[in-house]
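Okay, structure first, notes after.
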Amino acid sequence: DFRGHFQLIAFGYTYCPDICPTTLVEMAGVLGLLGEKAGQLQPIFISLDPDRDTVQVLKTYTAFFDPRIIGLTGSPELVKRAARNFKVRYAKVMNPEARANTYALDHSAGMYLLDPD
């Protein structure tokens, strides 16, 4: 879908307390620095938490940083395959003292830049 554009890709999740917001601020900063050339770059945030990060949640979350950032999700199997293809490591971390469905994801940090081809 993005042939002909550079792609700046980050993996994470919307409940992330620190790494993901920082990464998305940096991604928005890159877009700002590019100015008029920013149209040649498609920023993408891929959720590692498909159980909580719906399409609408991702749209609202990424728009907070920059509306040009696309948030993507899929089935757990598809997310796992995408993460594996990019060598992204992630694992659910449960807090036994917390209420149900309260968890964090330990995950790799960083961004990937793909060329237009």
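The values are calculated or read from the model by the stated rules, or taken from the named source; none is laboratory data. All figures in this text were calculated on a predicted structure; none of them were measured in a lab. As a convention, Cβ positions derive from the backbone with ideal geometry for all residues, glycine included, and neighbour counts pool all protein chains shown. Ligands, DNA and RNA are stripped out before the accessible areas are found, and what is left, the full protein with its side chains, is counted by its heavy atoms. Shrake-Rupley method; radii C 1.70, N 1.55, O 1.52, S 1.80 Å.
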Ignoring ligands, DNA and RNA, what accessible area per residue does the chain give at 1.4 Å, in Å²?
63
Give me the percent of DSSP beta bridges within the chain that run antiparallel, rounded to the nearest 5.
45
PRE zone check, label point 7 Å out along Cα-to-Cβ of Met94, amide N under 20 Å, scope segment 7-32, hits 15-16
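Can you figure out the FRET efficiency of Asn101 with Glu26, using R₀ = 25 Å and their beta-carbon distance, to the nearest 0.05?
0.25
Out of the total accessible area of segment 1-87 (probe 1.4 Å, heavy atoms of protein only), what percent is carbon and sulfur?
Numbers: 2940 of 5040 Å².
For segment 1-87, the apolar C and S fraction of the accessible surface comes to 58 percent.
Let me have the 222 nm mean residue ellipticity of the chain computed from DSSP H runs of 4+ only, each contributing -39500 (n - 2.57), with the sum over all residues rounded to the nearest 500. Kindly include the intermediate steps, with their values, before the conclusion.
Details: 3 runs with 37 residues, N = 117.
My calculation for the chain gives -10000 deg cm²/dmol from helical runs alone.
Using a/c under 1.5 as the rounded threshold, could you call segment 44-111 rounded, prolate or oblate? The axes a ≥ b ≥ c are square roots of the C-alpha gyration tensor eigenvalues, and prolate needs a/b larger than b/c, oblate otherwise. Working shown, then result.
Details: a/c = 1.82, a/b = 1.26, b/c = 1.44.
Oblate.
Quick one: in the chain, what % of C-alpha pairs are over 24 Å apart?
For the chain, the fraction of Cα-Cα distances above 24 Å is 24 percent.
Would you kindly state how much longer the chain becomes between Gln40 and Tyr15 on full extension, computed as 0.36 nm times their sequence separation minus their alpha carbon distance, in nm to one decimal? Walk me through the numbers before you get to the answer.
Numbers: separation 25, 0.36 × 25 = 9.00 nm, distance 2.92 nm.
Between Gln40 and Tyr15, full extension yields an extra 6.1 nm.
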